[in-house]
1. Just checking, how many residues over region 121-158 are at positive phi and not in a strand (DSSP E or B)?
2. Out of 3, 36, report the one residue that is in a strand (DSSP E or B) and either modelled with pLDDT under 95 or more than 20 Å from residue 157 (Cβ to Cβ) (or both).
3. When you go through (1) surrounded by 17 or more Cβ atoms within 10 Å (Cβ to Cβ); (2) in contact (Cβ under 8 Å) with a residue 40 or more places away in the chain one by one for residue 99, which number turns out not to apply?
4. Could you list, in sequence order, the residues of region 11-33 that are of a type in the set (A, V, I, L, M) and either at pLDDT below 95 or in a helix (DSSP H, G or I) (or both)?
5. List, please: which pairs have Cβ atoms under 7 Å, are six or more places apart or on different chains, and start with a residue in region 124-136 that is under 10 Å from residue 152 (Cα atoms) and end with one that is part of a strand (DSSP E or B) and among the aromatic types (Phe, Trp, Tyr)?
6. Can you tell me how many residues within region 20-44 are out of contact with any Lys or Arg (no Cβ under 9 Å at 6 or more places or on another chain), in contact (Cβ under 8 Å) with a residue 12 or more places away in the chain, more than 28 Å from residue 135 (Cα to Cα) and not basic (Lys, Arg)?
7. For region 41-52, which residues satisfy the criterion of being modelled with pLDDT of 95 or more and hydrophobic (A, V, I, L, M, F, W, C)?
8. Do you know which of the residues in region 45-72 that are polar (S, T, N, Q) and touching a residue at least 40 places away in the same chain (Cβ under 8 Å) is farthest from residue 6 (Cα to Cα)?
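The values are calculated or read from the model by the stated rules, or taken from the named source; none is laboratory data. Owing to the predicted nature of the structure, the values given are computational and were not obtained by experimental measurement. As a convention, Cβ positions derive from the backbone with ideal geometry for all residues, glycine included, and neighbour counts pool all protein chains shown.
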Amino acid sequence: MNDNEHSHTISVLVENEFGVLARVSGMFAGRGFNIDALSVAPTTDPKLSRITLITHGNDQIIEQILKQLNRLVDVLKVVDLSSEERVRRELMLVKIRSGNHQEKIQKILQAYSGNLLDQEKNIAILEFVQEHDKNNEVLTQLGDFEILETARSGNIAMQTGKKILAT
């Protein structure tokens, strides 16, 4: 990302139909835009799904992305949450070789509101649910350990207050 490019969190309300995700991701691929993170799930209305994606670009690129998303047939609403008050979270699981460092692991878990999900011999699985940047900090803090595996969910986000993503 260069200096005039910024990360954007975009929520897209779509009809829960076969091929919608392929059309959305195909729109990005066809125009040379990158999706940095992606999360999709049905809403409380089983006919609708919510796509949360993170992408980056300058103002012109983001404007083009928003216009192209709005043109897709199954897309009902598009909101760029980047300039909105929002809550954004990412789930991260980290498997480490823990050794005899339980005290240090507990300090990291406490500092980042993490959970120990599994401990077997010298292997531990840790869980963190927080902002993407905070999860990156966790990985830095775990640098003294051998990180065996990570899995990250991609971000989900929601506007705070009375604003809702609905048709």
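1. 1
2. Numbers: 3 fails: in a strand (DSSP E or B).
Selected residue: 36, the only one of 3, 36 that is in a strand (DSSP E or B) and either modelled with pLDDT under 95 or more than 20 Å from residue 157 (Cβ to Cβ) (or both).
3. (1)
4. Within region 11-33, the subset of a type in the set (A, V, I, L, M) is 12-14, 20-22, 24, 27, 29.
Within region 11-33, 20, 21, 22, 24, 27, 29 qualify.
5. If the second residue must be part of a strand (DSSP E or B) and among the aromatic types (Phe, Trp, Tyr), the pairs left are 135/128.
6. First, the residues of region 20-44 that are out of contact with any Lys or Arg (no Cβ under 9 Å at 6 or more places or on another chain): 20-26, 28-36, 38, 44.
Those left that are additionally in contact (Cβ under 8 Å) with a residue 12 or more places away in the chain: 20-21, 23-25, 28, 31, 33-36, 38.
Keeping just the survivors that are more than 28 Å from residue 135 (Cα to Cα) gives 20, 23, 31.
Then drop every residue that is not not basic (Lys, Arg), which leaves 20.
So the answer is 1.
7. Matches in region 41-52: 48, 51.
8. Step one: filter region 45-72 for residues polar (S, T, N, Q), giving 49, 52, 55, 58, 60, 64, 68, 70.
Then drop every residue that is not touching a residue at least 40 places away in the same chain (Cβ under 8 Å), which leaves 52, 55, 58, 68.
On the way: 52: 16, 55: 8, 58: 6, 68: 19 Å.
By that ranking, first place goes to 68.
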